[in-house]
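Following this message is one structure expressed as structure tokens.
Bear in mind these aren't lab numbers, they're just calculated from the coordinates by the rules spelled out. Given the structure is predicted, the values throughout are model-derived calculations rather than measurements. With ideal geometry, Cβ positions are generated from the backbone for all residues, glycine too; neighbour counts draw on all protein chains shown.
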């Protein structure tokens with residue numbers, strides 16, 4: 001006979017895995033510091049790539065001027081401006097990504113905890129079945 | 001009103017029963033409209049500017065996941081621009097890459113807003129977007145609004161510059177960027193959309209009856225007033241009739257969307273108060289309306305059949321009586 005309560009729990013697990021399985025369930029198991037550190041590094045790398053593309057576009061825009069005055073450009077000043085703005089970008093990106101991913105971790109952790117509660121409930125059904133039938137190889141509802 | 005709610009329940013049930021087919025159809029329609037709009041905004045590549053290409057790409061879009069579909073739209077627009085200037089296509093590609101790496105990668109859902117805005121602005125339905133975002137998101141929605149409006153006006157600027165200039169060198173890129181940054185209409189549209197989104201958010205957060213509905217009306221009114229003021233104050237050309245009609249059509253569309261998203265029964269509001277160890281709670285509970293579809297059972301009465309059945313029953317009764325008499 002079909003155990004309705006067990007089917008409900010299994011359906012809930014399947015729904016959680018379908019909706020959240022790819023990211024939340026996988027990443028909720030990380031330690032908080034590891035998760036935030038990994039995500040911050042990835043975010044800062046993405047911002048670095050974007051900054052490089054932005055510099056490229058600005059360079060193309062001023063290409064005529066740069067080529068005409070290549071010998072007399074204040075490279076030190078330009079380098080300092082690029083470096084300072086890059087550091088500012090990195091600080092803003094670092095702070096923003098820390099706040100964002102700290103909240104994301106809490107959200108993913110809650111989903112993982114709910115998923116584990118559902119798995120515990122299902123495990124309870126199997127234990128109960130084992131006690132009743134004395135057979136731990138029985139598969140089914 | 002009850003009849004509307006019954007239709008709503010029926011439509012929801014119909015959608016639930018046929019969800020995969022409806023999803024596929026909707027994705028196809030969205031894809032077709034998107035590629036159609038892009039072909040009309042930057043349709044330079046003659047091989048791509050045909051209805052069957054839009055159809056085929058829309059079919060491909062049904063199979064692809066959402067992020068891949070957005071990537072396909074971006075590549076489609078870059079390929080069109082490549083036909084007139086490879087440098088411009090490179091620049092637009094770089095700008096898309098910057099947008100992806102610095103923003104869309106972290107909040108992928110906003111990518112759909114950034115893609116939808118240029119297409120809806122082209123179709124004169126962009127007024128619905130800030131109202132929808134105000135209903136469903138926080139004031140941070142101004143960021144995808146800014147990006148979407150920027151992408152639309154960048155493509156418009158490219159179209160206008162390319163149509164008046166035969167240059168393909170760096171000066172074309174410089175001209176495009178200068179006109180883009182000096183585009184007053186873009187700043188006006190961004191300002192109005194941002195204001196509408198924030199206003200809708202603030203009104204719908206209030207704890208009053210029909211807050212969602214009032215927020216939609218307030219957003220529409222604000223949009224119309226701001227666009228009319230901007231049309232008068234700045235040197236931009238925005239059609240007054242188009243603005244008013246577009247806003248009214250958007251308001252209607254958003255009201256329908258809100259009706260299907262959340263139907264609340266304000267006549268049965270409950271105000272509760274309770275406490276726990278930490279706080280004392282004041283709670284206002286507004287029940288959602290759920291109407292059960294009436295079960296109809298139609299019993300057909302045919303006069304002739306009714307008469308025949310009655311006569312047959314009478315005859316049986318008579319036979320039974322005759323049998324009883326004969327046995328007696």
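Work out the FRET efficiency for residue B:208 and residue B:309 from their Cβ-Cβ distance, taking R0 = 60 Å, and round it to the nearest 0.05.
Efficiency computed from Cβ-Cβ geometry: 0.45.
Okay, next question. Answer rounded, prolate or oblate for the protein assembly as shown, using the Cα gyration tensor with square roots of eigenvalues a ≥ b ≥ c: rounded when a/c is under 1.5, else prolate when a/b is larger than b/c, else oblate. Numbers along the way, then the final one.
Numbers: a/c = 2.22, a/b = 1.67, b/c = 1.33.
It comes out prolate by the Cα gyration axes.
Stokes-Einstein at 10 °C, 1.306 mPa s, Kirkwood radius from Cα pairs: D for region B:1-107 in µm² s⁻¹?
Details: Rh = 15.9 Å.
Here the translational diffusion coefficient equals 100 µm²/s.
Sort B:243, B:75 by Cβ crowding within 10 Å, fewest neighbours at the top.
Exposure proxy ranking, most exposed first: B:75, B:243.
Ignoring everything except DSSP H segments at least 4 long, calculate the 222 nm mean residue ellipticity for the protein assembly as shown; use -39,500 (n - 2.57) per segment, divide by total residues, nearest 500. Before the final figure, lay out the partial values.
Details: 17 runs with 346 residues, N = 469.
It lands at -25500 deg cm²/dmol.
If you take the beta carbon distance between residue B:18 and residue B:53 as r and set R0 to 41 Å, what does 1/(1 + (r/R0)^6) give as a FRET efficiency, to the nearest 0.05?
0.90
Classify chain B as rounded, prolate or oblate from the Cα gyration tensor: take a ≥ b ≥ c as the square roots of its eigenvalues, call it rounded if a/c is under 1.5, otherwise prolate when a/b beats b/c and oblate if not.
Judged from the Cα gyration tensor, chain B comes out prolate (a/c at least 1.5, a/b above b/c).
Then there's this: For residue A:85 and residue A:103 in one chain, what is 0.36 nm times their gap in residues minus the Cα-Cα distance, to one decimal in nm?
Extra length from residue A:85 to residue A:103 when fully extended: 3.8 nm.
Something else now. Given a cut-off of under 8 Å on Cα pairs at least six residues apart, what relative contact order in percent is computed for chain B? Please list the in-between numbers first.
Numbers: 299 pairs, mean separation 50.4, N = 328.
This gives 15 percent for chain B.
Quick check: Cα centre of region B:72-130 to Cα centre of region B:1-66, how many Å?
Taking the Cα centre of region B:1-66 as reference, the centre of region B:72-130 is 19 Å away.
Pick from A:81, A:47, A:13: which is most flexible by mean-square fluctuation in a GNM of chain A where alpha carbon atoms under 10 Å apart are linked?
A:81
If we count other beta carbons within 10 Å of each Cβ, what is the order of B:8, B:316, B:237, fewest first?
Fewest-to-most Cβ neighbours within 10 Å comes out as B:237, B:316, B:8.
Between residue B:262 and residue B:244, what length in nm is gained on full extension when 0.36 nm per residue of separation is reduced by their alpha carbon distance?
Details: separation 18, 0.36 × 18 = 6.48 nm, distance 2.64 nm.
Taking 0.36 nm per residue and subtracting the Cα distance, the gain is 3.8 nm.
Would you mind calculating the gained length between residue A:65 and residue A:48 on full extension (0.36 nm times residue separation, minus the Cα-Cα distance), in nm to one decimal?
Full extension from residue A:65 to residue A:48 adds 3.6 nm.
Could you identify which residue out of B:239, B:43, B:61 has the top mean-square fluctuation in a GNM of chain B using Cα springs shorter than 10 Å?
Its mean-square fluctuation being the largest, the pick is B:239.
Taking only Cα atoms, what is the 0 to 90° angle, nearest 10, from helix A:75-133's long axis to the longest principal axis of chain A?
0 degrees
For the peptides B:137-144, A:107-114, what is the packing order when you average, over each peptide's residues, the other Cβ atoms within 10 Å and list the highest mean first?
Answer by packing, highest mean first, reads B:137-144, A:107-114.
Then there's this: Going by how many other beta carbons lie within 10 Å of each one, how would you line up B:266, B:153, fewest first?
Numbers: B:266 13, B:153 20.
The fewest-first ordering by Cβ neighbours comes to B:266, B:153.
With angles folded into 0 to 90 degrees, how steeply does helix B:66-82 sit against the dominant principal axis of chain B? Use alpha carbons for both and round to 10.
The answer is roughly 40 degrees.
Further, regarding this structure: For helix B:184-204, what angle does its Cα long axis make with the longest principal axis of chain B, in degrees from 0 to 90 and rounded to 10?
40 degrees
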